[in-house]
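Below you'll find the structure, written out as structure tokens, and then a few comments.
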Amino acid sequence: LVALIKSATRLLRDRPDNFQYSISVVAYEIMLLLSIAVAGRRFPPSISAALHYMNRRIYQTVTIRELCAAAGVSRSHFYRLFNEHVGGHPLGYFMKMKIRHIAAQLRSSPQRTIGDIALENSFEDQGYFTHVFRKMMGVPPGEYRRGSVKP
């Protein structure tokens with residue numbers, strides 16, 4: 001956590017070209033660590049490794065094969081462990097993480113288009129992105145951005 005806070009401080013001081021992207025990644029990692037600490041959840045090392053893998057690739061897509069490799073366990077064992085300790089399907093959990101992350105970007109970067117944010121987060125089809133966002137957040141991304149819904 002200390003290293004992440006130092007990294008955030010450095011970004012705030014230096015403001016590099018990719019400032020918004022970088023600070024949002026660091027902020028997300030800080031929030032993830034704090035939420036785990038507050039909840040007191042302790043996961044087996046394999047699940048922690050998979051969650052960390054998801055977190056580090058929030059802007060990309062991931063596969064079950066990649067998550068199993070990150071966890072160092074077989075597919076069936078991974079599904080069982082993930083469901084037992086986190087709940088639900090790993091890719092569904094990852095998509096929820098991704099949409100929450102994008103929701104924060106929508107509010108913090110009003111100058112960027114929704115299409116650009118969707119594309120940056122590995123959604124090549126804005127219509128599909130809007131469908132997924134609406135399904136998970138209850139409103140389309142534009143309406144969410146305007147602040148008509150609380151995070």
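What does the extension gain come out to for ARG13 and GLN111, with contour length at 0.36 nm per residue minus their alpha carbon separation? Walk me through the numbers before you get to the answer.
Values: separation 98, 0.36 × 98 = 35.28 nm, distance 2.17 nm.
Taking 0.36 nm per residue and subtracting the Cα distance, the gain is 33.1 nm.
Give the residue list of trypsin sites (Lys or Arg not before Pro) in segment 108-151 that are DSSP loop and have at most 15 other beta-carbon atoms within 10 angstrom. Can you show the working numbers first?
Values: sites: ARG112, ARG134, LYS135, ARG145, ARG146; in loops: ARG112, ARG146.
Answer in residue order: ARG112, ARG146.
Could you give the DSSP H helices of the chain that reach 20 angstrom or more along their long axis (alpha carbon positions) and whose average Kyte-Doolittle hydropathy is no lower than 0.0? Numbers along the way, then the final one.
Numbers: long enough: 19-39 (29 Å, 1.70); 90-108 (27 Å, -0.04).
Flagged H segments are 19-39.
Readers should treat all values here as calculations from the given coordinates under stated rules, not as data from a laboratory. As the structure is a computational prediction, the values presented were derived from the model and not from experiment. All Cβ positions, glycine included, derive from the backbone under ideal geometry; neighbour counts span all protein chains shown.
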